[in-house]
Every structure is written in C-alpha cells, then in structure tokens.
1. Please list the non-local residues whose amide H lies under 5 Å from the amide H of G74, H modeled 1.01 Å from N, same-chain partners needing a gap of 5 or more.
2. Arranged from highest to lowest average of other beta-carbon atoms within 10 Å per residue, in what order do the peptides 74-84, 217-227 appear?
3. For K107, go through the lysines and keep the ones whose alpha-carbon is under 19 Å away, minus same-chain ones fewer than eight residues off.
4. In vacuo Debye scattering of region 86-159, one point per C-alpha: log10 I(q)/I(0) at q = 0.16, 0.20, 0.28 Å⁻¹?
5. So if I place +1 on the C-beta of Lys and Arg and -1 on the C-beta of Asp and Glu, and nothing else carries charge, what would the dipole magnitude of region 146-285 be about its Cα centre? I want it in debye, nearest 20.
6. Give me the dipole magnitude in Debye, nearest 20, for region 1-139 about the Cα centre, with unit charges on the beta carbon: positive for Lys and Arg, negative for Asp and Glu.
7. Figure the gain on full extension for N172 and T274 (residue separation times 0.36 nm, minus the Cα-Cα span) and round it to one decimal in nm.
8. From the backbone phi of region 121-133, what are the Karplus-calculated ³J(HN,Hα) couplings (6.51 cos²θ - 1.76 cosθ + 1.60, θ = phi - 60°) in whole Hz, Gly and Pro given as x?
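The values are calculated or read from the model by the stated rules, or taken from the named source; none is laboratory data. Since the structure is predicted, the reported quantities are computational estimates derived from the model, not experimental observations. Methodologically, a virtual Cβ is constructed for each residue, glycine included, from the backbone with ideal geometry; neighbour enumeration extends over all protein chains shown. Only protein heavy atoms, including side chains, enter the accessible area calculation; ligands, DNA and RNA are left aside. Shrake-Rupley method; radii C 1.70, N 1.55, O 1.52, S 1.80 Å.
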Amino acid sequence: MKVFVAKDAGYCFGVRDAVNLAYETAEEYGTVYMLGDIVHNENVVKNLNKTGTKVVQSLNEIPENDPVLFRAHGTATQVWQNAKDKNMNIIDATCPLVREIHDEVSKLEKEGRRVIIIGDHGHDEVVGIASQVKDPIIIENPEEALNLRKMKKAGIVSQSTQTIENVQDIINILMTKVFDLRFVNTICFPTKRNQNQIKELAELCDVMLIIGSFTSANSKRLSQLSKERNSNSHQITCAKDIHLDWFTNAESVGISAGASTPDNLIEEVVQFVTHLDQEIEKEIVYG
C-alpha cells in the first residue's frame with residue numbers, strides 16, 4: 001500500500017515559533033503564563049505544561065514579575081493595554097501574518113470603511129482582529145452574509161485559516177450588498193498551501209487521514225475539504241484513533257495535518273500506516 005504524506009503537513013512557521021518561544025521562556029524563567037492554550041492541540045498543551053507553562057483565564061491570575069506569553073492567534077487590544085498598565089513582562093508570540101491582518105483592518109477603518117471579518121465567531125484569532133477596530137461585522141458563512149443589510153462602503157479581511165471556497169462564496173454575496181467594496185486576501189500562505197495539497201491527495205488516495213485536534217478550526221476545515229472529495233476521509237488526533245476497517249481494499253493512503261499538529265504525532269501515524277498491511281493480515285487470521 002502506498003503512503004503519501006503532504007509535504008507541508010503540520011506546524012506552520014507561526015505556530016512552531018510560538019511553541020518554541022514558550023519552551024525557551026519556561027526554561028529561562030521557570031514558569032510562563034498564557035491566556036488560554038497556546039495552540040489548539042491537547043498534546044502540545046500537555047507537553048508544555050510539564051515544562052512550567054501554565055494556562056490561566058485572566059491577567060489577575062498571574063503572579064507579579066512572572067512572564068505572560070501572548071499566543072500565535074493574536075491578543076485583543078484591551079488585554080494588551082491591561083498588561084502594559086500592570087507593567088507585566090510580555091512575551092509576544094503573535095504570528096507575523098496575524099499581525100498583518102491587524103494592520104490591514106486598521107487601514108480599512110481609516111479609509112472610512114465598515115470592517116467585515118470572515119471568520120469563526122468566538123475564535124481567538126477573530127476576537128483579536130475584531131478588537132483592532134470599532135463595531136466590526138463578523139460573518140462565518142454565506143447564510144449570514146445573505147442576512148446582512150446593504151451598505152455603501154466596506155472592507156473585508158478573513159481569518160487566516162479560512163477556506164478559499166467559503167471566503168469566495170461570502171464575497172460573491174457581499175458584492176451584491178456593498179456599493180464600494182474592498183477585499184484584502186488575508187488567508188495565510190501556509191493555509192493555502194496545505195489546503196491545496198489536501199485537495200490533490202483526496203483525489204489521488206483511497207483513504208485520507210487528517211491529524212488534528214477537534215478544537216482546531218484549521219484542522220476541521222482540512223477534514224471538510226478532504227471529505228468533500230473523498231468520502232473515506234477521517235480526522236484523527238493520533239494513531240490510536242485509526243480503525244483498520246477504513247483500509248479494506250485500499251491501495252493508497254494520504255496523510256496530512258493541521259497547522260497546530262506537532263511532528264511527533266504525524267510520525268506516529270505514518271509509522272502505524274506503514275506497517276498496516278501486516279496488522280490487517282493479523283486481523284484476518286485471528287479475527
């Protein structure tokens with residue numbers, strides 16, 4: 001059985017840099033605090049916790065003089081200001097591409113445009129983007145776009161891990177709603193690259209495995225893209241989630257992973273699948 005692994009599966013550079021910075025900060029200070037999980041992957045959070053990285057929900061929970069790490073997804077402006085007012089030791093792990101989105105929405109607002117953000121309601125990254133401007137509109141899907149009232153002037157950005165298809169569908173609707181519309185394509189290039197590889201593999205392979213936490217928005221979107229093209233697609237968190245009956249009569253397997261999935265989990269799945277023929281034979285003989 002042939003096994004194809006997406007070239008750019010797993011950590012994007014923004015997540016990798018943020019996780020490495022968390023490890024380095026914990027090693028330097030002994031303890032580092034974060035407002036929420038650094039990335040949406042339980043295994044990463046668990047491993048970081050062992051090194052002295054602690055997750056809190058409020059700046060008030062952080063002892064004086066201990067560092068606070070602001071995550072890759074970006075942080076709301078009010079939280080930034082509160083941390084500065086407290087003279088806290090801020091370690092900034094914000095992804096540079098997310099920071100660019102913050103800059104873009106500010107420019108759109110200065111142009112006198114109503115800012116529209118295409119993204120998941122309540123997602124950390126979207127909350128951070130929305131905090132950069134006054135009264136933004138957040139649209140998650142085409143249905144919400146259809147319900148939007150008409151307006152004269154607006155600017156659009158998207159959450160960095162949105163699918164191109166969802167963004168295009170929403171923009172097509174907004175073009176009928178807004179007289180003067182400006183769109184800035186803020187889907188990040190690691191996301192575009194990973195999504196394109198998923199689409200190709202899903203067409204090529206009999207079975208698709210997408211490794212990623214079910215709390216990860218980008219992993220769920222990759223899984224959705226794969227399932228649209230290959231019904232035998234499965235999102236898993238690790239090798240233990242794999243079912244052997246997925247591979248009945250399969251001659252090829254495609255493997256990819258979300259941007260918050262660490263290398264070791266991908267390698268475990270690859271190793272499991274590589275030895276799958278022998279496992280299936282055991283099932284037939286002893287089952």
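1. C95
2. Values: 74-84: 16.1, 217-227: 23.4.
Output ranking for 74-84, 217-227: 217-227, 74-84.
3. Within reach: K134, K152, K153.
4. Computed log10 I(q)/I(0) values: -0.59, -0.86, -1.36.
5. Numbers: 15 positive and 17 negative charges, 317 e Å.
About 1520 debye.
6. On the way: 15 positive and 21 negative charges, 65 e Å.
Here region 1-139 has a charge dipole of around 320 debye.
7. Numbers: separation 102, 0.36 × 102 = 36.72 nm, distance 4.34 nm.
Result: 32.4 nm gained on full extension.
8. Residue by residue, region 121-133 yields 4, x, 5, 3, 5, 5, 4, x, 5, 4, 6, 7, 9 Hz.
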